[in-house]
Amino acid sequence: MASLKHVTLRQLYVFDAVARHLSFTRAAQELHLTQPAVSMQIKQLEEQVGTPLLEQMGKRNYLTEAGVELRQYVRAIAGLIDEAGMVLDEMQGVQRGRLTISVASTANYFAPRLLAAFSQRYPGVTYSLDVTNRETLLHQLADNAKDLVIMGQPPEDMDLAAEPFMENPLVVIAPPGHPLVDRKRLRLKNLQSEAFIVREEGSGTRNAMERFFAERGMTLSTSLEMSSNEAIKQAVEAGLGLGLVSMHTLELELEAGRLAVLDVEKLPIMRHWYLVHRKGKRLSAVAQAFKGFVLDEALAVL
Ligand code: PGA
């Protein structure tokens, strides 16, 4: 059996040119080689294949049967190599490629809509979307584990590039029948006697809430701790206490009248959503395109 293990791509490309022109001289011109160099490559290829690929009759060259057969494979190989080059080019150009992003639990209420709008523009892109809390996001940023992160304001001491793109109002929610629901301009101290259901330690919403009340010399009484916005909304609806959540989580419940937002002075607590990556990180073409898309168009899409 012919062993082609040591055949080089260069030999195959030379053979392809000779086979197309059926002339060593013209193949040499096309490849910017000397005619003896082309002859040498073909000779070496024939030695490895173990049989002649071309034969000369009169002044003309012909492909032997083996030459015809090999040529088909060479065309296929050259086609695959072209295709690989195209796929890689397209990746650079955002047509294909993969985007790995991580978002704060609360941002997951709008992140899929952002991805959907982005993938309409770039249908070939595939995604990995991780949904987790602020603390885990900070670890992921430190480990450079994701292309991009969407989160609340990141800490200043981490050397991050962070750009705000949308407001994130935090509000107090109650079940519709709660006595505070119809009151206007509640004072913060009206909340002091209420039991609150709060997010887990490490949540950005929870941090913001604690900071806000601590700055005003208040501590809220927390009756229950839950690790998801959905769980908090369910618990508030069931009458277990009040909650403090982002407006982004409430669309459906407010529409259906299952929860109410209290009218409280100094609220909402206004946070912002940031698009974040490590400073100096080399963003892929897809990540760059997504970053541009979020910063320029998120408000219009959401
Ligand atoms: P969280 O983050 O989902 O971890 O609360 C939201 C935020 O940082 O505002």
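FYI, it's all coordinate maths here, none of it is from the lab. The structure presented is a predicted model; accordingly, all values stated were derived computationally and were not measured. A quick note on method: Cβ atoms are made from the backbone with ideal geometry, for glycine too, and the neighbour counts reach across all protein chains shown.
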Tell me the volume per residue, in Å³, of the convex hull enclosing the alpha carbons of the chain. 195
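When DSSP beta bridges are limited to those with both residues in the chain, what percentage is antiparallel, rounded to the nearest 5?
55
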Among ALA76, LEU148, LEU45, which residue has its Cα furthest toward the positive end of the charge dipole of the chain, with +1 on Lys/Arg Cβ and -1 on Asp/Glu Cβ? LEU45
What are the lysines whose alpha-carbon lies under 27 Å from the alpha-carbon of LYS266, with same-chain residues fewer than 8 places away excluded? LYS184, LYS189, LYS233
Apply the membrane-span-like helix rule to the chain: whole DSSP H runs, Cα extent along the own long axis of at least 20 Å, mean Kyte-Doolittle hydropathy at least -1.0. List the helices found. 35-49, 65-92, 285-301
Dipole magnitude of the chain about its Cα centre (Cβ charges: Lys, Arg +1; Asp, Glu -1), debye to nearest 20: 480
Given a Förster radius of 22 Å and the C-beta distance between ALA300 and ARG258 as r, what FRET efficiency does 1/(1 + (r/R0)^6) yield to the nearest 0.05? 0.15
Take TYR62 and GLN192, extend 7 Å from each Cα along the Cα→Cβ direction, and tell me the distance between the two endpoints in nm. 10.5
If Lys and Arg each add +1 and Asp and Glu each add -1, what is the summed charge of the other residues whose beta carbon sits under 14 Å from the beta carbon of PRO175? -2
At 7 Å along the Cα-to-beta-carbon direction for both SER119 and LEU22, put a label point, then send me their distance in nm to one decimal. 5.2
If neighbour count is taken as other Cβ atoms inside 10 Å, put SER193, SER23, SER105, SER223 in order from fewest to most. SER193, SER223, SER23, SER105
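If each residue of separation counts as 0.36 nm, what is the full-extension length gain between SER128 and ARG183 once their alpha-carbon separation is subtracted?
Separation in residues times 0.36 nm, less the Cα-Cα distance, equals 15.4 nm.
Using Cβ contacts closer than 10 Å as the measure, can you line up HIS139, HIS32, HIS248 from fewest to most?
HIS32, HIS139, HIS248
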Students often forget the sequence filter, so: which lysines lie under 22 Å Cα-Cα from LYS59 once same-chain residues fewer than 8 apart are removed? LYS43
Cut-off under 17 Å on the C-alpha distance; same-chain residues fewer than 8 positions from LYS146 excluded. Which lysines are left, in chain and number order? LYS279, LYS281, LYS291
